[in-house]
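**Student:** Submitted below is the structure of interest, expressed as structure tokens.
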Amino acid sequence: MAASLAARGGAVWVPVAGALARLGERRAAVRGLVAAGVALPLGHVLGSVSARRRPPAARLPARRALPERPDSSSFPSKHAMTAAASGTAVGIESPRAGIAIAPLVAVIAYSRVRTRVHWPSDVIGGPALGAAVALAVHKRLR
């Protein structure tokens, strides 16, 4: 659940990029931030087109512990999409750095299913779309 909170609005990727830059992976850090910056609003646009209801799990302790009560479309998971976009963009630029942050990407995606804010297919679709964003950013920033 902490991962879901840390990833709200893509905020977690700013300190991750800072750490990467300090470790000499500045280019990977910038690409990760750009990809996250593209994925988050794109996810909101895609969500406005999709009208998928969220799972009915309001009584579960993990869901009640979240400060947000999302009522927007469930597909795609914006958290998972942004995480995958950033993680994939970093990994394309620096495979070593990508491997290092891959567990964070996975935990963020898993947390959205664990808290029952998304259906599993929303969380599978989010990273697929996020990876596509990362590839587009990679091609554009060559």
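**Student:** Inspect the range 70-93 for any residue being over 17 Å from the mean Cα position of the chain (by Cα) and at pLDDT below 70 and give the result as yes or no.
**Tutor:** First pass over the range 70-93, keeping only residues over 17 Å from the mean Cα position of the chain (by Cα): 71, 93.
Applying the additional criterion that residues be at pLDDT below 70 yields 71.
Yes, the range 70-93 contains a residue that is over 17 Å from the mean Cα position of the chain (by Cα) and at pLDDT below 70.
**Student:** Being small (Gly, Ala, Ser), surrounded by fewer than 22 Cβ atoms within 10 Å (Cβ to Cβ), within 10 Å of the chain's Cα centre (by Cα) and at pLDDT below 90 is true for just one of Gly43, Gly9. Which residue is that? Don't jump to the end; show me each part of the working.
**Tutor:** On the way: Gly43 fails: surrounded by fewer than 22 Cβ atoms within 10 Å (Cβ to Cβ).
So the residue among Gly43, Gly9 that is small (Gly, Ala, Ser), surrounded by fewer than 22 Cβ atoms within 10 Å (Cβ to Cβ), within 10 Å of the chain's Cα centre (by Cα) and at pLDDT below 90 is Gly9.
**Student:** So, of the residues in the range 12-28 that are over 18 Å from Leu135 (Cβ atoms) and touching a Leu at 6+ places or on another chain (Cβ under 9 Å), which turns out to be modelled with the highest pLDDT? Before you say what the answer is, go through the steps one by one.
**Tutor:** Residues of the range 12-28 over 18 Å from Leu135 (Cβ atoms): 12, 14-26.
Narrowing the set further to residues that are touching a Leu at 6+ places or on another chain (Cβ under 9 Å) leaves 12, 14, 16-17, 26.
Values: Val12: 84, Val14: 89, Val16: 91, Ala17: 91, Arg26: 94.
Going through the qualifying residues, I end up with Arg26.
**Student:** Further question on the same structure: Those residues that are part of a helix (DSSP H, G or I), surrounded by fewer than 23 Cβ atoms within 10 Å (Cβ to Cβ) and not β-branched (Val, Ile, Thr), I need them from the range 98-126; list them, please.
**Tutor:** Gly98, Ala100, Ala102, Pro103, Leu104, Ala106, Tyr110, Arg114, Pro120, Ser121, Gly125
The values are calculated or read from the model by the stated rules, or taken from the named source; none is laboratory data. This is a predicted model, so every value here is computed, not measured. Neighbour counts run over all protein chains shown; Cβ positions are idealised from the backbone, glycine included.
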